[in-house]
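Accompanying notes for the structure given below.
The values are calculated or read from the model by the stated rules, or taken from the named source; none is laboratory data. Keep in mind that this is a model prediction, so the values were computed, not measured. Glycine also receives a Cβ, built like all others from the backbone with ideal geometry; neighbour counts cover every protein chain displayed.
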């Protein structure tokens, strides 16, 4: 099968009941496999860091998919697992295999990548500011009492819980943005120009937030709870 992508891949094809003939050749190799029911129907597409091990699971019906009716398999050897991830998404959206319902949602990553990445990074910037404000509130809650009496326990617990939740959300946003980038979700030049400094601020500002939090000797308790 011809792949219309700028990607250096090597192709291997074998009959499903002849996997043993290619097993050793695929050992430890990253790439994507396309399992066919016939020339017109694709059953399943997957990727692996070790194609030999993963395909062996499928052949033994231990791969979590019902591949009855599989006739042959096309394997695309890639230079890295990251490239395999991109190729897998491309092929799923191009060939629409019967058993890849969950992965089909990645089509949105390609179609709406610029808008989505813009929204994610904008939210990350906002989340960072919210985190800093909460940390400052927690610090102020201690400073205002100046040792005369204990600050409100209820207010402190609320602030600590809110900070934990927002740190988790910021980490989730950063992870999600990375997934969009790996699937060709790069910002347009105009968007990149307007968001670059703010994005850097969001991703590099957590140490300052932790410094605020550390000033009241509660950071470790809050982030490990």
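If you filter segment 150-160 down to residues that are surrounded by 13 or more Cβ atoms within 10 Å (Cβ to Cβ) and in contact with a helix residue (DSSP H, G or I) (Cβ under 9 Å, 6 or more places away or on another chain), you find that the one that is modelled with the lowest pLDDT is 151. Residue count for segment 126-149 satisfying the condition of being at pLDDT below 65 and either part of a helix (DSSP H, G or I) or in contact with a strand residue (DSSP E or B) (Cβ under 9 Å, 6 or more places away or on another chain) (or both): 3. For segment 72-82, a residue qualifies if it is more than 13 Å from residue 10 (Cα to Cα) and touching a strand residue (DSSP E or B) at 6+ places or on another chain (Cβ under 6 Å), and the qualifying residues are 72, 73.
Determine whether segment 83-106 contains at least one residue that is touching a strand residue (DSSP E or B) at 6+ places or on another chain (Cβ under 8 Å), surrounded by 13 or more Cβ atoms within 10 Å (Cβ to Cβ), at pLDDT below 80 and not in a helix (DSSP H, G or I). Yes - at least one qualifying residue is present in segment 83-106. Is it the case that segment 17-25 has a residue that's under 21 Å from residue 89 (Cβ atoms) and touching a strand residue (DSSP E or B) at 6+ places or on another chain (Cβ under 9 Å)? No, the conditions are met nowhere in segment 17-25.
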